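Visitor: Just passing along the structure, written as structure tokens.
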Amino acid sequence: MTPTIKALAGALGLLACLVAAPAALGSDVSDIGYVDEAAIGRLPAFESAQKQFNDERQSLEQSFEAQMKAAKSSADQQRVQQDFQQRIARRQQALFGPLFARAQMAIASVAANRSLTVVVDKRIVLFGGLDITKDVVDLVSGPGAPVTPVNTPPPSDVGYIDQGALDQTPRIKAAQDRFIAYRQDEEKRLQAQLSQAKNDSQRRALLKRSYAELDQQQQQVLGPVIQETQNVISAVAKKRGLLLVVDQASRVYGGTDVTADVVSALK
Amino acid sequence: MRRVLLAIALTMTLAACAKSGGAPAQGPSYTGVGYVRVEDAVRRHPLYAQLKQYDEEIALLQGAGVPAPPVDAAELARREAELQHSLTAAAADAKAELGRLQQHYEQQEHEAVAAALKAAGAAPGGAGGAGVVSGVASDFQRQAKEVDQRAQQSFDAYRDQVIAQDRAQLAAAAKRLADEADRKYRDKEHGLSSAEAQLAQELAQESAPQRLELRTKLQNLALDQAARKALEDQLQALDQADADQVAELRNRDQKALGAYQSELQGDVQSKMQAYSAQVHRDTNAKLEQRAGLERDAIQKQVRALAPQVSRQLDGFELSKMPPPLRARVESIHRDFLNRYQADAQGELDRFDKTRQQLSARYAALHGAVGAADAQTAKEVARLQHDRDQLYAKIVDQVESRARAIGQRRGLKVVLGGAIAAGTGVDLTDDVERDLEKSHA
């Protein structure tokens, strides 16, 4: 074998190895991470903050009830209520805000170090993905502030959507309002009929009929809107090359927000 | 030549790497990630019908906000009528027994007085004869009966009043507890929402200088495209980082709210159960106390009738009789009157006891309304628990099938929280088919 042939064979061998390597590496690598949020919530700092908040809330509630009793007008009551809510919100922000910010920073830091494009809640992961809970817990519990990631997460193949925002789009809102109005009317009709019912079986029959009608109405009014929304989300997901779209509540960090696109498409 | 071959080999290697390695390409060909639309799969699960059945049963019990009595109104009225009938029958029995006693003692007294008059040489049936005694006994019975009837009416009115108050009290308590829970929930929701808004505001304030700097730089028209994009990316990254923190807080808040709502519902149920039991105990105690007072009052009033006997006897001019005969007749009369009073009192006590028992049953019947509200809540909680278990079982089956199918198909990751399909591998149909087969 001449040196030339040896070199060629070596190069081809290297080629074969390199061609096979990404697939092999790829099977162990995922850009989807997950974290057990409940485990973070159980950390002493969070539990202590929760206990302190509960105690303070109880004390504030007692003071609130006394003030409500002493209030002489509905305007006074409203003022007392607003004051109470603001105080609660301030305490909550003061106690939990820094902890949440620290946890979020820790998740971002771990995600950046592990090259994750998205971190979701553990509950939606059936298998695979990278569990970063321990790393996050260590960082949150450790001394000093977690290191801020230099870059924002890279674009992710996993989309997420704020379903609350979708509910505010005119078409969905109109359908929901229509259904709510129907339900209120139906409840009034039902109340009137129930007051005339002579026995338990008549009562059950009336309730059953009412629920069946509500169910049917819900399917008729909301069903097409829900289906259309899902189609739009899927279309947006496919257009943006996303693997799937999850609810915002399941996404912890990163991911691709498709809410604006979907809202715009639904208008 | 060697260099050329090596260059070709390296070029081919790099080309191959570029094609199949590196970052996973997006699009339908990328099959590393699968997902299952859990809610859709649950809706097509063979046990979904049972889940719906639970929902329907719970909704029926909860009555769409209409409080469901333990028995319907007609049944309640029927049971009340039964009790009233029993009470009327007991009163009629007592009346008949009193009449029988009266006749019995009148006859005996008549014979005794006749014998005494005969022995004294006077004619039976005179002014001081058995008619006088009979009239006194008759008056006593009438008056005792009136006393008893007044007591019964008073007790019935009191009982109805107490029960009506208790029912109103229970309804008010249920409303108060529900309102309180609702207020607490709204407070918490509002508090959390304010905290989210405040966090967003603080974050915006914190990053404001940085944003301003970036925006100022972006206003520089001389920026080349790459530099402009880098600045825009930084600006977007700032927005994203802020949004992430707020979203993180919101996610936690939503979970906290869900848990808080369950906690409040459990709290309302247990408080209502305890309160209902307490009200029921109080009702019975009040009725027992009132029954005791009524009984004492009857006895006092019946005893108070006795002195009237002497006055009535005086009205019949027994004083005109010869003293020994008068003493004899009075003695006979008092003896029979005492015996009649004792027996009549015994009969009234028996009737009183029956009335108390019937009243207790009546109170229990109405008290059951409050207790049954708690019972209904308990039943709803039990059904909800069973429903949750079934739901968890269905979800578990869906997820484990998705895991198995995903692994079989060599996927890297399978997620269960998908709400819409993308270009990933949708395992939902496969899971549904698998579940149908296993339940066939």
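Visitor: Does A:Asp247 qualify as being buried (at least 17 other Cβ atoms within 10 Å of the Cβ), within 7 Å of chain B (Cβ to nearest Cβ) and among the acidic types (Asp, Glu)?
Guide: yes
Visitor: Filter segment B:276-287 down to the residues that are over 17 Å from B:Gln153 (Cβ atoms), in contact (Cβ under 8 Å) with a residue 12 or more places away in the chain and over 16 Å from the mean Cα position of the chain (by Cα), then identify the one that is surrounded by the most Cβ atoms within 10 Å (Cβ to Cβ).
Guide: Ranking the candidates gives B:Thr283 first.
Visitor: Return only the number of the condition from (1) at pLDDT below 85; (2) in a helix (DSSP H, G or I); (3) of a type outside the set (Phe, Trp, Tyr) that A:Val29 does not satisfy.
Guide: Exception for A:Val29: condition (2).
Visitor: Could you please find all residues in segment B:187-210 being part of a helix (DSSP H, G or I) and of a type in the set (S, T, N, Q)?
Guide: Passing the criteria: B:Ser193, B:Ser194, B:Gln198, B:Gln201, B:Gln205, B:Gln210.
Visitor: Same structure, new question: Return yes when B:Leu264 is modelled with pLDDT under 75 and over 24 Å from A:Val252 (Cβ atoms) and no when it is not.
Guide: Here the answer is no, as B:Leu264 does not meet what is asked.
Visitor: Still on this structure: For residues in segment A:113-134 being surrounded by fewer than 20 Cβ atoms within 10 Å (Cβ to Cβ) and without any contact (Cβ under 8 Å) to a residue 60 or more places away in the chain, which is farthest from the other protein chains (Cβ to nearest Cβ)?
Guide: A:Lys134
Visitor: Checking the condition more than 14 Å from chain A (Cβ to nearest Cβ), free of Cβ contacts under 8 Å to residues at least 40 places away in the same chain and within 21 Å of A:Pro98 (Cα to Cα), which residue from B:Ala227, B:Ala208, B:Ala237 passes?
Guide: B:Ala208
Visitor: Here's something else I'd like to know. Quick check, is A:Ala94 in a helix (DSSP H, G or I), closer than 24 Å to B:Glu196 by Cα and more than 10 Å from every other protein chain (Cβ to nearest Cβ)?
Guide: no
Visitor: On the given criteria, is A:Gln202 part of a helix (DSSP H, G or I), over 19 Å from B:Asp55 (Cα atoms) and out of contact with any helix residue (DSSP H, G or I) (no Cβ under 6 Å at 6 or more places or on another chain)?
Guide: Answer is yes for this residue.
Visitor: Have a look at A:Val119, A:Val80, A:Val110 and point out the one that is within 13 Å of A:Pro153 (Cα to Cα) and assigned to a helix (DSSP H, G or I).
Guide: That would be A:Val110, the only listed residue that is within 13 Å of A:Pro153 (Cα to Cα) and assigned to a helix (DSSP H, G or I).
Visitor: Which of (1) outside any helix (DSSP H, G or I); (2) within 14 Å of chain A (Cβ to nearest Cβ) is the odd one out, the single condition B:Ala222 does not satisfy?
Guide: Looking at each condition in turn, B:Ala222 falls short on (2).
Visitor: Still on this model: Which residues, counting only those in segment A:122-139, are in a helix (DSSP H, G or I) and either in contact with a Leu (Cβ under 7 Å, 6 or more places away or on another chain) or closer than 27 Å to B:Gln407 by Cα (or both)?
Guide: Those that are in a helix (DSSP H, G or I) and either in contact with a Leu (Cβ under 7 Å, 6 or more places away or on another chain) or closer than 27 Å to B:Gln407 by Cα (or both): A:Lys122, A:Arg123, A:Ile124, A:Thr133, A:Lys134, A:Asp135, A:Val137.
Visitor: Among all residue pairs at least 6 apart or on different chains, which show Cβ distances below 8 Å where the first residue, located in segment A:221-238, is farther than 19 Å from A:Asp257 by Cα and at pLDDT 90 or above and the second is part of a helix (DSSP H, G or I) and polar (S, T, N, Q)?
Guide: Going by the 8 Å Cβ cut-off, the qualifying pairs are A:Leu222/A:Gln176.
Visitor: Here's something else I'd like to know. Got a sec? Which of A:Ala197, A:Ala205 is farther than 25 Å from B:Tyr35 by Cβ and surrounded by fewer than 16 Cβ atoms within 10 Å (Cβ to Cβ)?
Guide: Result: A:Ala205 is the single residue among A:Ala197, A:Ala205 that is farther than 25 Å from B:Tyr35 by Cβ and surrounded by fewer than 16 Cβ atoms within 10 Å (Cβ to Cβ).
Visitor: Report the residue count in segment A:230-245 for those that are within 20 Å of the chain's Cα centre (by Cα) and more than 12 Å from B:Gly424 (Cα to Cα).
Guide: 4
Visitor: Does at least one position in segment B:244-252 carry a residue that is out of contact with any Pro (no Cβ under 7 Å at 6 or more places or on another chain) and surrounded by fewer than 16 Cβ atoms within 10 Å (Cβ to Cβ)?
Guide: No; the residues of segment B:244-252 include none that is out of contact with any Pro (no Cβ under 7 Å at 6 or more places or on another chain) and surrounded by fewer than 16 Cβ atoms within 10 Å (Cβ to Cβ).
Visitor: Just checking, does segment A:219-238 include any residue being within 9 Å of chain B (Cβ to nearest Cβ), of a type in the set (A, V, I, L, M), within 16 Å of A:Val118 (Cα to Cα) and not in a helix (DSSP H, G or I)?
Guide: no
Visitor: Follow-up question, since we're still on this one. Can you name every residue in segment B:380-428 that is away from chain A (no Cβ under 11 Å) and basic (Lys, Arg)?
Guide: The answer is B:Arg382, B:Arg387, B:Lys393, B:Arg408, B:Arg409.
The values are calculated or read from the model by the stated rules, or taken from the named source; none is laboratory data. It should be emphasised that the depicted structure is a prediction, and the values quoted were computed from it without experimental measurement. Here Cβ is always computed from backbone atoms with ideal geometry, including for glycine, and neighbour counts include all displayed protein chains.
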